[in-house]
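Structure, as structure tokens:
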Amino acid sequence: MKIAVIGSGISGLSSAYYLSKKHKVDLFEKEDRFGGHSYTLDVQYNEKNKIAVDIGFMVFNKITYPNLINFFLENNIEIEKSDMSFSVS
């Protein structure tokens with residue numbers, strides 16, 4: 001069976017990944033990168049250096065996203081703890 005997946009956010013990527021185990025899958029994305037609203041942003045740290053900052057998750061924890069945690073574990077994707085904060089200006 002041929003299947004088209006539209007969008008390469010985490011839902012599209014994980015759907016394409018699991019469906020591709022038994023079917024032919026084509027993944028379509030309108031942007032010039034995969035990842036949906038999650039991506040790596042290069043931030044100028046000082047005059048000489050940039051640092052890579054991964055952004056995109058509003059909330060991420062084991063209770064709220066058990067399937068995503070399992071997907072990360074299955075694909076050897078490392079998870080780092082971080083402090084959660086929110087601000088409005």
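With K and R counted +1 and D and E -1, the other residues having a Cβ less than 14 Å from that of residue 81 yield a net charge of -3. So the label point goes 7 Å from the Cα of residue 17 along Cα→C-beta, right? Which residues of region 40-67 then have their backbone N under 20 Å from it? Taking a point 7 Å out along Cα→Cβ of residue 17, the residues of region 40-67 whose backbone N falls under 20 Å are 40-41, 54-67. As a length-normalised measure over Cα pairs under 8 Å and 6 or more apart, the relative contact order of the chain settles at 20 percent. For the chain, adding -39500 (n - 2.57) for each run of n ≥ 4 DSSP H residues and dividing by the number of residues yields -6000 deg cm²/dmol at 222 nm. Scan [x] 13, 36, 34, 14, 3, 0; [y] 18, 47, 25, 9, 1; [z] 15, 37, 23, 16, 8, 1 for the value of P(r) over Cα pairs in 10 Å bins from 0, in percent calculated from this model and give just the label. Checked against the structure: label [x]. In this simple spin-label approximation, residue 38 and residue 2 carry label points 7 Å from Cα along the Cα→Cβ vector, and these lie 3.0 nm apart. Indicate, rounded to the nearest 5 percent, the antiparallel portion of the DSSP beta bridges found entirely in region 1-86. Bridges in region 1-86 are about 55 percent antiparallel.
Could you please report the charge total around residue 53, scoring K, R as +1 and D, E as -1 over all other residues with beta-carbon less than 13 angstrom from its beta-carbon? Could you put the intermediate results ahead of the total?
Details: positive: 50; negative: 42, 54, 80.
That sum, taken over residues with Cβ under 13 Å, equals -2.
Over all other residues within a Cβ to Cβ distance under 9 Å of residue 2, the charged ones net out to 0, with Lys and Arg as +1 and Asp and Glu as -1.
Bear in mind these aren't lab numbers, they're just calculated from the coordinates by the rules spelled out. Nothing here was measured: the structure is a model prediction, and the numbers come from that model. Because the Cβ atoms are built from the backbone with ideal geometry, glycine has one as well, and the counts that use them run over all protein chains shown.
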